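The values are calculated or read from the model by the stated rules, or taken from the named source; none is laboratory data. Quantities reported herein were computed from a predicted structural model and do not represent experimental measurements. Cβ placement follows ideal geometry from the backbone for every residue including glycine, while neighbour counts extend to all protein chains displayed. Protein only, heavy atoms only, side chains kept; ligands, DNA and RNA dropped before computing areas. Shrake-Rupley method; radii C 1.70, N 1.55, O 1.52, S 1.80 Å.
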Amino acid sequence: MEIVESILNLPVQDPAEQEFSSANLTWTKFGTTEHHDDVALIPYARVDEFIIGECSNVECPTRFHIERGRKRSMGSLKEYKSDEYLEYRLYWCSFGPENYGEGGSVLPSRRYRLNTRNRAARPQSMRGCTCHFVVKRLYARPSLALIIFNERRHINKSGFVCHGPLDKDAIGPGAKKIQYISNEIQQQTMSMIYLGIPEENVLEKHIEYVQRYGGSDGTVSTLAPQYVRKLGMIIKRSTHELDLDDQASIRMWVERNKKSIFFYQDTSETDPFILGIQTEWQLQQMVRFGHRSLIAADSTFGIKRLKYPLCTLLVFDSRQHALPVAWVVTRSVAKPDMGKWMKALLDRARSVDPGWKINGFVIDDAAMEIDPIRDAFGCPILFSIWRVRRSWLRNVVKKCSNIEVQRELFKCLGEIVYSIWGGRNTSVALEELSMDFVDQSAFMEYFKSTWVPKIEMWLSTMRTLPLASQEASGAIEAYHVKLKTKLFDDSHLGTLQRVDWLVHKLTTELHSAYWLDRYADESDSFLNVKEEYISSTSWHRALQISDSAVTLDDKGHLFAKVASKKDNSRTHLVWNPGSDFAFCDCAWSMQGNFCKHVIKVNMICENAKGCKPSMSFRSFREILMDLWKKPMDDSMDLDESVAWTHQMLDQIKQLVELHCSNDIGVMVNNMPLKWISKKGRTFVGVPATLPAVSSSSKSIAKNPHKNRKRKRLSRLR
């Protein structure tokens, strides 16, 4: 648009509408190349009609107040320009300008009261809106008014809509009359909408919880439908594309959601793209369930289909389900880059709890760097075989048509993994596998091209690191399957290469699903959601199968039969029972998953003679045997081995007691007492292991002369 330097040639616009707004006017750029504004000329008599129309904006309804005004009398200027004013008024949207939101500066509150009657409620409406315009009654032509728009959009300094129906955090002028909606209630309502629960049910639950926390009020039933519809409209209109350019869109999202970012590094010539996401709720769950417990990583999700692979950090909640507490979007697996975001995540957790510490970190990829984990968390590292098992089983079922061949092939693959403790040569085992299944060309081509070049690395990792249990592996796999279902929907195939879509999907639908699962379980509400959540892992489904439903083969324990709970006439055959590579013929197992039948059979085989122990138990036993074998003489090595073994056995004993105990009070009473001073118990900010400094000693250290003076005064009294 051409920039004009004089308003003499501007046309006077007089719209036919009774009330009109900026949308009804044609705007011209006025000023210089460096600084210019949108201007329009209208009759001065119609200024009030323009302001009323501007306040009636459907998307951002508001009121404008006079921020500043000046007047001149006619004849006061001997020389003047064409745009000099007779009257000058600066109108500002009443949803600004004190709070500019995240990413913008915060102006101090005014020291004076604005004498205006049409100002929106304060301070609830301080939304940081930058929309404002100037009305000049021209000195040269008093019958005309020059409107100068500095910012026509109702946005904050971050560039986002900050009030009205399109703003999810909008608070209107009637905010004081509306029942308080806590973050928990809002999150609950939004979670139900995201999960597709009918609006009638959402509205019913919303009213129920507002009345529970805020008391019964006649206005709740009236305003609740409007609130629920507004949230639904926000969710429906929300989009991941804040900008057509994906990189610019992500920058805008990061600017708006700083509280949910624990690490961000934009792409440059030297640094790769890294985005670490953790909401406040996820931080709470990480501190709560991760302290003195395990953290696991689903580390390479979407490595072939997404623009950047996704790494999810998981904790195990009160039901030992995997709960996502952080997402890291990056392609880099280099040590320095991993160290950056891991340290940032640890610092964030310790900002809430300075003594926060984890007992172990579970990885699922042998290529993952473990030095950054040890440097940041300072804990043991465990390895889960679920990814290897799932990949092999899926391709065995997909590339081999005969079920008997599938069973034998999967069993032989398991024997290769179990051979890490038997001293068997890996090359010889692979050669025998290729000879025995030479007719299965489709699978063998896949196995040789994908796994043979790196299988030694994977087996070495399994041999070196302790192995995670089947319960932990099943929980990680359950999260992976749920994540895959949410993201790889057919309707989203065209957006997989956009990072902003991935971030939007994670922080809305997936986050809401897990939030509602935890809320339903802890509040004993949404019983259908709670039941589905409890049974979401194969381990918990296996616990529902009775021992009498499992029958082991008497001849060498080659297979086991599991009777169906729903249909007694139907049984599932589990081949190679007791092994982590057991093969079941149920539909869930044929998709590559740890099924409940395999887990239940392995539970039975733990106490049966002639069955293989689980890989995690075998790994644990090998570690203990290694400690026992190390000291060959009566030296310091023997003392260290004994100390480590006793410490490990004491911890295992406590964990077993805690797991088997029905009354936590009994365990607490059996714990040794630790006496500390009263000052130490109440002093905030000093670790429990350090003696608390008394207040008297502090005062002496600060001002010894003043303390002596007080003592002398006390003696005189």
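Points to keep in mind about this one:
- Any hit, the range 281-297, residues being open to solvent by 10 Å² or more (accessible area, probe 1.4 Å) and on the phi > 0 side of the Ramachandran plot: yes
- Filtered residues of the range 353-396 (kept if closer than 25 Å to ALA478 by Cβ, charged (D, E, K, R) and open to solvent by less than 60 Å² (accessible area, probe 1.4 Å)): ASP364, ASP365, ARG387, ARG389, ARG390
- Among the residues examined, ALA16 does not qualify as aliphatic (A, V, I, L, M), within 49 Å of the chain's Cα centre (by Cα) and modelled with pLDDT of 85 or more.
- The range 226-241, residues that are open to solvent by less than 60 Å² (accessible area, probe 1.4 Å) and closer than 24 Å to LEU496 by Cβ: ILE235, SER238, HIS240
- Some residue of the range 504-513 being among the polar types (S, T, N, Q), open to solvent by less than 10 Å² (accessible area, probe 1.4 Å) and closer than 30 Å to ARG288 by Cβ: yes
- Hits in the range 33-63 - residues which are touching a helix residue (DSSP H, G or I) at 6+ places or on another chain (Cβ under 9 Å), at pLDDT 85 or above and not aliphatic (A, V, I, L, M): ASP38, PHE50, GLY53, GLU54
- Among the residues listed as THR507, THR495, the single one being closer than 30 Å to TYR264 by Cβ and touching a Phe, Trp or Tyr at 6+ places or on another chain (Cβ under 7 Å): THR495
- Those helices (runs of 4 or more DSSP H) lying entirely in the range 360-470 with at least 1 residues under 30 Å from MET342 (Cα atoms): 371-377, 386-399, 441-450, 455-464
- Of residues in the range 23-49 being buried (at least 17 other Cβ atoms within 10 Å of the Cβ) and among the hydroxyl-bearing types (Ser, Thr, Tyr), the one nearest to LEU144 (Cα to Cα): TYR44
- The one condition from (1) modelled with pLDDT of 80 or more; (2) hydrophobic (A, V, I, L, M, F, W, C); (3) surrounded by 19 or more Cβ atoms within 10 Å (Cβ to Cβ) that LEU144 does not meet is (3).
- Residue that is nearest to ASP347 (Cα to Cα), among those in the range 378-418 that are touching a residue at least 24 places away in the same chain (Cβ under 8 Å) and small (Gly, Ala, Ser): SER384
- Residues in the range 242-270 that are of a type in the set (Ser, Thr, Tyr) and in contact with an Asp or Glu (Cβ under 9 Å, 6 or more places away or on another chain) were compared, and the one that is most open to solvent (accessible area, probe 1.4 Å) is SER260.
- The set of residues in the range 303-352 being assigned to a loop (DSSP other than H, G, I, E, B), open to solvent by 10 Å² or more (accessible area, probe 1.4 Å) and in contact with a strand residue (DSSP E or B) (Cβ under 6 Å, 6 or more places away or on another chain) consists of TYR308, PRO309.
- Failed criterion for THR267 (all others in (1) farther than 15 Å from ALA326 by Cα; (2) among the polar types (S, T, N, Q); (3) under 21 Å from the mean Cα position of the chain (by Cα) hold): (3)
- Scanning the range 171-208 for residues that are modelled with pLDDT of 75 or more and basic (Lys, Arg) yields one hit, LYS205.
- Close contacts from the range 250-261, counting a first residue that is among the hydroxyl-bearing types (Ser, Thr, Tyr) and modelled with pLDDT of 90 or more and a second that is in a helix (DSSP H, G or I) and surrounded by fewer than 17 Cβ atoms within 10 Å (Cβ to Cβ), with Cβ to Cβ under 9 Å and a gap of 6+ residues or different chains, come to SER260/GLU280.
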